[in-house]
Amino acid sequence: MNSTHFLNTIFTPDDFKAAELEAILPSFKQLKFAKNDFLLQEGKTENHYWILESGFVRSFVNSSKGDDITTNFYGPSEVVIDWSSFFLRNPSRENIQALTDCVCWQLDFETFQQLFHSIETFREQGRRRLVSSYFALKNHSISIIADQAKERYIQLLKEKPQIVQNVSLQHIATYLGITKYSLSRIRKEISL
């Protein structure tokens, strides 16, 4: 798939003027990652804005006990990024890792800034994505505290069914804040 075709599904001609698309689309570079490759490692500053064309990615942190805890999952057409590290230019506390072979479209920080400040539609789309990401994170944080594990799993099934079909139970369990044994029990209850 060429960049114009895939990226036009993200940056649609309905939303962007032809001249804007001519500035945006060639700025992206296609990169491929093998399963388990890192897009970002803890301690490094996020220098790229990624759009995932195919495959699955997760972000995770290492707990004080040395366990890795999944903080988010990403699927096709989603932006994969540590927003805080990207905008504040500080070292990330997260790791972002390919769970499968992936194709991504990369925009470096400097180019992102140029497009962000020169194309209002690009800026507004970026703000919407950032706000949407914030609300998803906020809702997940509240759910971990206020909802039963079964409710959290059912919500994940509704919001991201492709994740449940393509990601290991261990990663899903840490994202839900439960053990993989509890997750297996919940999956059995739901299938009855």
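Values quoted throughout were computed directly from the atomic coordinates according to the rules given, and no laboratory measurement underlies them. Quantities reported herein were computed from a predicted structural model and do not represent experimental measurements. We place every Cβ from the backbone using ideal geometry, glycine too, and count neighbours over all the protein chains shown.
Here is the P(r) of region 3-119: all C-alpha pair distances, binned every 10 Å from 0, give 14, 42, 32, 10, 2, 0 in whole percents.
Amide H contacts for ARG93 (H built 1.01 Å from N in the peptide plane; partners 5 or more residues away or on another chain; cut-off under 5 Å): GLY43.
Among the GluC sites (Glu not before Pro) found in region 118-155, not one is both in a DSSP coil and sparsely packed, with 10 or fewer other Cβ atoms within 10 Å of its Cβ. In the chain, the DSSP-assigned H stretches of four residues or longer account for a calculated mean residue ellipticity at 222 nm of -15000 deg cm²/dmol, using -39500 (n - 2.57) per stretch and the full residue count as denominator.
Against the chain, whose longest principal axis is taken from its Cα atoms, helix 109-118 shows a tilt of about 60°. Applied to region 163-170, the Karplus parametrisation 6.51 cos²θ - 1.76 cosθ + 1.60 on θ = phi - 60° returns per-residue 3J(HN,Hα) values of 5, 4, 7, 10, 10, 5, 4, 4 Hz, with x for Gly and Pro. Cα centroid separation, region 3-30 to region 46-66: 24 Å. Every Cα-Cα pair of region 81-149 was included, and the share exceeding 16 Å stands at 65 percent. Find me the longest stretch of the chain that has none of the exposed trypsin sites (Lys or Arg not before Pro), where exposed means in a DSSP loop (not H, G, I, E or B) with at most 14 other Cβ atoms within 10 Å. By the stated rule (loop sites, at most 14 other Cβ atoms within 10 Å), 94-192. Phi angles across region 130-138 convert, under the Karplus curve 6.51 cos²θ - 1.76 cosθ + 1.60 with θ = phi - 60°, into 3J(HN,Hα) values of 5, 5, 4, 5, 4, 5, 5, 5, 4 Hz, Gly and Pro given as x. Can you give the angle from 0 to 90° between the axis of helix 180-191 and the longest principal axis of the chain, with both taken from C-alpha atoms, to the nearest 10? The angle comes out at about 90 degrees. Scanning residues 5 or more positions from PHE56 or on other chains, those with amide H under 5 Å from its amide H are LEU99, THR100, with H placed 1.01 Å from N in the peptide plane.
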